[in-house]
Amino acid sequence: MELLQDFPIVIEIPVQWGDQDALGHVNNVVFFRWWESSRIAFAERVGIVRYRPDTTLGTVLASVKCDFRKQLLYPDTVLIGARLAKLGNSSFAVEHRLISQKLNDIAAEAVSTMVTFDFQKQCSVRVPDDIRAVMETLGPPTPR
């Protein structure tokens with residue numbers, strides 16, 4: 001899909017009847033669950049998930065900013081793209097774009113800021129070089 005052509009990671013999720021609130025549209029909390037699914041797909045792709053089981057290294061969510069563009073209604077299916085937006089020393093930002101297949105348009109956009117964290121020492125740590133190298137391949141296109 002053209003709206004997600006610059007997003008190397010795309011997941012597909014059907015809108016569930018129970019995702020709607022009393023006003024009849026998808027509740028805002030559901031979008032944040034979808035951002036989480038997108039972050040996990042990103043983390044699996046770059047290999048940061050594999051660090052957690054065999055070491056004390058993982059990530060924590062520092063912030064999420066969401067801009068809602070369109071209401072979503074059941075039935076629908078959403079496509080959520082993820083890509084690297086920014087890579088710092090110990091943090092990185094993942095940009096998300098949510099597309100409604102029914103509307104064929106952007107329904108919401110978000111940015112999640114993650115911090116690489118040592119759970120044993122309880123402090124942030126530098127993003128490992130091997131993870132950093134993979135992340136850099138998943139960023140936005142280079143301006144021309």
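With R₀ fixed at 22 Å, the C-beta to C-beta distance from LYS102 to ASN27 puts the FRET efficiency at about 0.80. Counting every other Cβ atom within 10 Å of each residue's Cβ, ASP67, ASP19, ASP130 order from fewest to most as ASP67, ASP130, ASP19.
Across all directions, the average projected area of the convex hull around the alpha carbons of the range 1-64 is 6.2 nm². Sparsely packed loop sites in the range 87-141 (the trypsin sites (Lys or Arg not before Pro) outside DSSP H, G, I, E and B with at most 13 other Cβ atoms within 10 Å) comprise LYS121, ARG126. The C-alpha atoms of the chain define a longest principal axis, and helix 28-46 lies at about 40 degrees to it.
Residues considered: ILE13, ILE48, ILE80. Largest GNM mean-square fluctuation over the chain, using C-alpha springs under 10 Å, is found at ILE13. Taking one equal scatterer on every alpha-carbon of the chain, how large is log10 of I(q)/I(0) by Debye at q = 0.13, 0.15, 0.16, 0.18 1/Å? Reported log10 I(q)/I(0), two decimals: -0.59, -0.76, -0.84, -0.99. When the chain is treated as a Gaussian network with alpha carbon springs shorter than 10 Å, the biggest mean-square fluctuation among PRO128, PRO14, PRO75 belongs to PRO75. Electrostatic tally near LEU87: other residues with Cβ closer than 13 Å to its Cβ, Lys and Arg +1, Asp and Glu -1, net +1. Net charge in the neighbourhood of VAL26 (other residues with Cβ under 14 Å of its Cβ; Lys, Arg +1, Asp, Glu -1) is +1. Modelled label positions at PHE68 and MET1, each set 7 Å beyond Cα in the direction of Cβ, lie 1.9 nm from each other.
None of the figures in this text is laboratory data; all of them are computed from the coordinates on show. Just so it is clear, the structure is predicted and the values come from calculations on it, not from any experiment. Ideal geometry is used to build each Cβ from the backbone, glycine not excepted, and the neighbour counts take in all protein chains shown.
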